[in-house]
Amino acid sequence: MFTGLIEQIGVIAEVVRGEKMRLAVAPARPFDDLSPGDSLAVSGPCLTIEEMSGSRYYVSLLPETARGTTLGSVREGRRVNLERSLRLGDRLGGHLVSGHVDGIAEVLTVRERGDSRALELRAPAGLERYLVDRGSVALDGVSLTVREPEGARFSVALVAATLSATTLGDLRPGARVNIEVDLLAKHVEKLLGASEGERKSDKLLTWLAQAELTR
């Protein structure tokens with residue numbers, strides 16, 4: 001489990017393609033408490049560290065992860081957002097993020113707003129019902145607030161701190177990002193047995209978003 005608050009930016013130092021895709025991730029500063037077997041979120045997907053060599057962490061991608069995330073087409077030199085898994089007792093500054101990516105969203109527009117920036121994106125089909133105004137979403141592992149959703153389209157605002165501390169400042173129209181919608185909303189929807197066409201799930205998601213604002 002993660003929070004969506006990026007700890008640092010790393011670089012993909014090596015890509016090995018084959019039956020199993022393998023990546024070497026080089027953080028700007030090596031983490032002092034990671035070991036083989038630990039989890040590391042790499043621009044969204046939760047990956048397991050298999051090996052460590054110097055300042056490099058080696059991880060492998062299952063075929064499903066390679067197909068369903070932007071890491072499947074990653075190249076050496078690409079910057080990636082890194083976050084260690086959440087520990088019990090840590091402060092939860094973002095929202096609960098599982099690291100299980102739901103799909104790939106496309107950046108439609110990028111607008112400058114002083115020292116901040118607004119992005120408009122299009123989510124994959126089927127995720128529209130989870131995009132609630134002022135609800136939570138994770139893009140490339142970054143916890144953000146959904147604004148003005150309309151069908152599959154929605155917007156997010158990137159403040160100066162987010163632009164400098166994550167790779168989202170690199171995004172341009174046409175870019176693709178990993179998207180994970182609100183985990184709690186999906187679980188509650190499942191427990192209620194709400195089908196895709198039932199309006200009660202939409203009402204529940206709206207209630208959850210309002211509850212988040214009044215915390």
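Would you be able to say whether some residue in region 95-104 is assigned to a strand (DSSP E or B) and of a type outside the set (Val, Ile, Thr)? Spell out the reasoning first.
As a first pass, look at region 95-104 and keep what is assigned to a strand (DSSP E or B): 97, 103-104.
Now narrow it down to the ones that are of a type outside the set (Val, Ile, Thr): 103.
Taking every residue of region 95-104 in turn, at least one turns out to be assigned to a strand (DSSP E or B) and of a type outside the set (Val, Ile, Thr).
Rundown of residues vs (1) in the same structural domain as Thr167 (by TED's automatic domain parsing); (2) assigned to a strand (DSSP E or B); (3) more than 19 Å from the chain's Cα centre (by Cα), yes/no style:
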| site | (1), (2), (3) |
| --- | --- |
| Ala24 | no, yes, yes |
| Pro30 | no, no, yes |
| Ser35 | no, no, yes |
| Leu40 | no, yes, no |
| Glu50 | no, yes, yes |
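Does any residue of region 70-81 turn out to be in a strand (DSSP E or B), outside the structural domain of Val159 (by TED's automatic domain parsing), surrounded by fewer than 18 Cβ atoms within 10 Å (Cβ to Cβ) and under 18 Å from the mean Cα position of the chain (by Cα)? Yes, there is a match, as at least one residue in region 70-81 is in a strand (DSSP E or B), outside the structural domain of Val159 (by TED's automatic domain parsing), surrounded by fewer than 18 Cβ atoms within 10 Å (Cβ to Cβ) and under 18 Å from the mean Cα position of the chain (by Cα).
Among the residues of region 148-185, write down those that are surrounded by fewer than 16 Cβ atoms within 10 Å (Cβ to Cβ) and free of Cβ contacts under 8 Å to residues at least 40 places away in the same chain. Glu148, Glu150, Gly151, Ala161, Ser164, listed by residue number.
Whether any residue in region 124-131 is in a strand (DSSP E or B) and either among the polar types (S, T, N, Q) or at pLDDT below 95 (or both) is what I want to check. Checked region 124-131: no residue is in a strand (DSSP E or B) and either among the polar types (S, T, N, Q) or at pLDDT below 95 (or both). The lone criterion from (1) in contact with an Asp or Glu (Cβ under 9 Å, 6 or more places away or on another chain); (2) modelled with pLDDT of 95 or more left unmet by Thr3 is number (2). Screening region 132-181 for residues that are closer than 15 Å to Ala41 by Cα and assigned to a loop (DSSP other than H, G, I, E, B) and picking the one that is farthest from the chain's Cα centre (by Cα) gives Thr166.
Scanning region 1-20 for residues that are over 18 Å from Arg79 (Cα atoms) and either assigned by TED's automatic domain parsing to the domain that holds Leu163 or not polar (S, T, N, Q) (or both) yields Met1, Phe2, Arg17, Gly18, Glu19, Lys20.
Considering only region 1-22, state which residues are part of a loop (DSSP other than H, G, I, E, B), surrounded by 15 or more Cβ atoms within 10 Å (Cβ to Cβ) and of a type outside the set (Gly, Ala, Ser).
Matches in region 1-22: Met1, Thr3, Leu5, Ile6, Glu7.
Just to be sure, is Leu108 under 18 Å from Gly4 (Cα atoms) and either charged (D, E, K, R) or in contact (Cβ under 8 Å) with a residue 24 or more places away in the chain (or both)? No.
The values are calculated or read from the model by the stated rules, or taken from the named source; none is laboratory data. Bear in mind the structure is a predicted one, so any value in this text is a computation, not a measurement. As a convention, Cβ positions derive from the backbone with ideal geometry for all residues, glycine included, and neighbour counts pool all protein chains shown.
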